[in-house]
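Read the figures in this text as sums done on the coordinates, not as results from a lab. Just so it is clear, the structure is predicted and the values come from calculations on it, not from any experiment.
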Amino acid sequence: MRRAAAFACVGLGCAVPTAPQAISQVSVGGDSPLVAMFVRVGSELGVPPEELAAASWVRTRFRLATTSGSEAGESVGLVGIPAAFVPHAASLAGVTEAAIASDPEASLLAAAALIREGDLRALGGDGVATAVTAALARGVDGRDAGGRHIVIAAQPRSSRPGLGQISQSLDYAGATWAAASTSNYGTGARGIGAIDHIVIHDTEGSFASTVNWFQDPAAKVSAHYVVRSSDGHVDQMVAEKNIAWHDKCFNATTIGIEHEGYAAHPELWYTEPMYEASAKLTSFLADKYGIAKEHGPILGHGEAPDCSDHTDPGPGWNWDHYIELVQAGGAGSYLAGDITVDAPASLASGETGTVTVTVANHGTSAWDLDATRVATAEPADRDSALFVDGDWISPSRATSVDAQTPAGATGTFTFSIRGPDVTEPQAFDEAFQLVEEGSAAFGPAFHVALQVTPAGDNYGGPPLAQGGGCSTTNGSAGGLILVALAGLRRRRRRPR
Ligand SMILES: [Zn+2]
């Protein structure tokens, strides 16, 4: 490292550092036992571990899929293998079908064998490849069923195959058209006055599985719209004038919207981006068809006067929040304040420490695992000198919120920092800000100020200089750094 490009504080401000060469070498990291399994199975079968891990994240959020009550076609195991492919996958991998459903390693071996034989589409069509590509491009910061960390490093977009062509939806400008099989809905000529309810569903499966299933003539089910959990992307699959088969005997005058996820894990699947995109769609539909923006005319499948036993989207669907968003046209707000940063004040080169940031959610939007992140700031999206490979999502993204954090609650962000290589003591002062990935940066910037000493214990120089003039005051080692809050900011920003 060039020590001339010091992070030392000079005069009234801090010198802008020259970014070190921070590149992710570790494709899958974290303290979950699944990390080693992704690497081992991927290496054994010649499937990139990050691809296997990303497929597991987008399809099951690192959990063994359950198949009961699925509206997406049944899928099995840690990577959500479509039920119809399970026998073939079992024979390819030399494991039993029962093991794919119950044993994480067997289900990974089976999924990797399927991917190796064909490609990601073997798990359920183009949508799987698209979803995995998108997840790899922005990186993943998730948790396994035991709450342990799994990080998939963000990959440069250019290194992955391009995405397919987008077709404009028939009825709603915010959707992409992905036609359901004509065997899965009834044709109609419904217009204003013929539609009086909007039915909210969840898929009990992945977005790609759902789209694939509604395109399968054997399914005999469909919905007008399907909304994706990670980013709120909307596919339209049936024209609104037609009668989608989403609600058994309550289809004739309704529009059905499917939401990717599992009712048992609303904290993983019912994300703010999905709520907001769905509410924007529902608001549009309510305006078009003259439906009151209330819980009643807008209702869950489980509440609908139909003859099925489905209970989706379950008690974890936040109806108060959803209806408020519908009434607001889908617009939430991202605001943050009351930031506390607990960080080491000094580290030796190569030594790591833990930073814990607590932040109050002052907006109306919830913060989500994987989506709401700590990013570098001042300037935005620069590579951080404190980057820890295998712990950070990328050199400009330290972590995501530790758990879903609703409006009014306090979120915690935990990440490691590493003392950069120095040959004499240096002060580092790094600015960070929260971002809703793919959307906006928000809240005030906060700082981690760090004194770094050369590695080894032979340093005998003068006492370390304190960072006079920096915007953050520095406490003793492990001490608390409180950051005064200034005006709230919100800017458009893209991930990198
Ligand atoms: Zn349903």
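Annotations for the structure displayed:
- Under 5 Å, built H, 5+ apart or other chain: amide partners of Asp381: Thr376
- Applying the Karplus relation 6.51 cos²θ - 1.76 cosθ + 1.60 with θ = phi - 60° to the stretch 210-217 yields 3J(HN,Hα) values of 5, 4, 4, 5, 5, 8, 8, x Hz, where x marks Gly and Pro.
- Extended-chain gain in nm, criterion 0.36 nm per residue less alpha-carbon gap, His295 and Leu170: 42.4 nm
- For Gly300, the residues whose modelled amide H falls within less than 5 Å of its own, excluding neighbours fewer than 5 places apart on the same chain, are Ile200.
- Listed by chain and number, the lysines whose alpha-carbon sits under 27 Å from that of Lys280, ignoring those within fewer than 8 places in the same chain, are Lys241, Lys248, Lys288, Lys293.
- Beta-bridge orientation, the stretch 130-280: approximately 50 percent antiparallel, per DSSP, counting only bridges with both partners inside.
- Projected onto their three principal axes, the Cα atoms of the stretch 273-400 cover extents of 65, 31, 24 Å, largest first.
- Cα shape, the stretch 28-155, gyration tensor, a/c 1.5 rule: rounded
- Derived scalar couplings ³J(HN,Hα) [the stretch 333-342; Karplus, 6.51 cos²θ - 1.76 cosθ + 1.60; whole Hz; x for Gly, Pro]: 9, 10, 9, 9, x, 6, 7, 10, 10, 10
- Cα gyration tensor category, rounded, prolate or oblate, for the stretch 175-327 with a/c compared to 1.5: rounded
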